[in-house]
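Colleague: Have a look at this one.
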Amino acid sequence: AADGLILLRQGVHQDAVHRLNKLGVPMAVWGAGLEGDTNVVVGSDNRLGGSVVAEYFFRLGRQRPVFIGNPSHPEIYDRLNGFVAALGAHGIKPLLMRRDEFTPDSGTDAVHSLHARGVDFDAIFACSDLLAMGAIRGIQEVGRSVPGDVSVVGYDDMPLGASFLPALSSVHQDWQEGGILLARKVLALIRGESAVSETLPVSLVVRST
């Protein structure tokens, strides 16, 4: 009975998009645009987000960075690609720790796994703030400090991150503007008007980590 849909999670390999497309209802998607995509997509510049974190780590002198996340998601894939490409320009190759759940416990587990394997790392870029907060807890549990031994950056710039101890550095997305654009575009589609995909800028908010 819906006139239109706004989809906030594309799903791994766009599985959610493919299922909902079968309904034939006007739809605007929050996420990452893919080549050949016929849907109207609004999202942040995820590749730029990964790139700015990479350059930040390089300026800090970090040489052994780790990326935590699941690149099967289109947005996470772009963040990882931007991160890898920017670091590669400086001759640095990051390690990928694949984690399917974007939770604090998953971030903690990733750090404990690195520690158990004897991996020497000095920076972590987590694909979500919750993963990053869990990673910080794990770093502290294995006897290392943030940001002294390890720099940590999350993604989304959640309000919780600013009040976390230590205050979390994160890539900021403009959720307010994103929501406005999604609503405008789905309303245009419902009226039979044209609507185009749009990408919003991101910025790195540096705090204590």
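The values are calculated or read from the model by the stated rules, or taken from the named source; none is laboratory data. Everything quoted here is computed from the prediction, not taken from an experiment. Here Cβ is always computed from backbone atoms with ideal geometry, including for glycine, and neighbour counts include all displayed protein chains. Accessible surface is based on the protein model in full, side chains and every heavy atom, while ligands, DNA and RNA are left aside. Shrake-Rupley method; radii C 1.70, N 1.55, O 1.52, S 1.80 Å.
Colleague: Compute the relative contact order of the chain as a whole-number percentage, counting only Cα pairs closer than 8 Å that sit 6 or more residues apart in sequence.
Modeller: Relative contact order, the chain: 22 percent.
Colleague: Please give the charge dipole size of the chain, origin at the Cα centre, charges +1 on K and R Cβ atoms and -1 on D and E Cβ atoms. Round to the nearest 20 debye. Can you show the working numbers first?
Modeller: Numbers: 18 positive and 23 negative charges, 52 e Å.
With Lys and Arg at +1 and Asp and Glu at -1, about 260 debye.
Colleague: I'm a student and want to see the number: the projected area of the Cα convex hull of region 1-80, averaged over all directions, in nm². Mind showing how you got there, number by number?
Modeller: Values: hull surface 23.6 nm².
Mean projected area for region 1-80: 5.9 nm², to one decimal.
Colleague: Using a 1.4 Å probe on the protein heavy atoms, what percent of the accessible area of the chain belongs to carbon and sulfur?
Modeller: Ligands and nucleic acids excluded, carbon and sulfur give 54 percent.
Colleague: Oh, and also: Using 0.36 nm times the number of residues separating ILE180 and ALA162, minus their current alpha carbon distance, what extension gain do you get?
Modeller: 4.1 nm
Colleague: Oh, and also: Quick one: Debye curve from the alpha-carbon atoms of region 141-206 only, equal weights, vacuum; give me log10 I(q)/I(0) at q = 0.14, 0.18, 0.24, 0.25 Å⁻¹ to two decimals.
Modeller: Calculated log10 I(q)/I(0) at the listed q: -0.58, -0.75, -1.01, -1.05.
Colleague: Can you give the FRET efficiency to the nearest 0.05 for SER72 and LEU5, using r as the Cβ-Cβ distance and R₀ = 22 Å?
Modeller: Computed FRET efficiency for SER72 and LEU5: 0.45.
Colleague: Another question, then. Whole Å is fine, so just give me how far the alpha carbon centre of region 123-160 lies from that of region 166-191.
Modeller: First find each Cα centre; the distance between them is then 25 Å.
Colleague: Under 5 Å between amide H atoms, partner at least 5 residues away or on a different chain: which partners does LEU204 have, H built in plane at 1.01 Å?
Modeller: HIS172
Colleague: Suppose we keep just the alpha-carbon trace of region 29-76; what are its Rg and Dmax in angstrom?
Modeller: When restricted to the Cα atoms of region 29-76, Rg and Dmax are 13.7, 42 Å.
Colleague: Give me the percent of Cα-Cα pairs in region 1-136 that sit more than 20 Å apart, rounded to a whole number.
Modeller: 51 percent
Colleague: Still on this structure, I have one more. Using helices alone, I'd like the mean residue ellipticity at 222 nm for the chain: each DSSP H run of four-plus residues gives -39500 (n - 2.57), total over residue count, nearest 500.
Modeller: Estimated from H runs of four or more residues: -12500 deg cm²/dmol.
Colleague: For the charge dipole of region 1-149, defined by +1 on Lys and Arg C-beta atoms and -1 on Asp and Glu C-beta atoms about the Cα centroid, which residue among GLN14, ILE92, PRO74 has the Cα displaced farthest towards the positive pole?
Modeller: ILE92
Colleague: For region 63-209, evaluate the Debye formula with one uniform point scatterer on each Cα (no solvent term) and list log10 I(q)/I(0) at q = 0.14 Å⁻¹, rounded to two decimals.
Modeller: Rounded to two decimals, the profile gives -0.68.
Colleague: Using only alpha carbon positions, build the gyration tensor of region 117-156, then give the equivalent ellipsoid semi-axes as the square roots of 5 times its eigenvalues, largest first, whole angstrom.
Modeller: Semi-axes, largest first: 17, 10, 9 Å.
Colleague: Above 17 angstrom, tally the Cα pairs of region 74-140 and express them as a % of all pairs, no decimals.
Modeller: The answer is 42 percent, as a whole percent.
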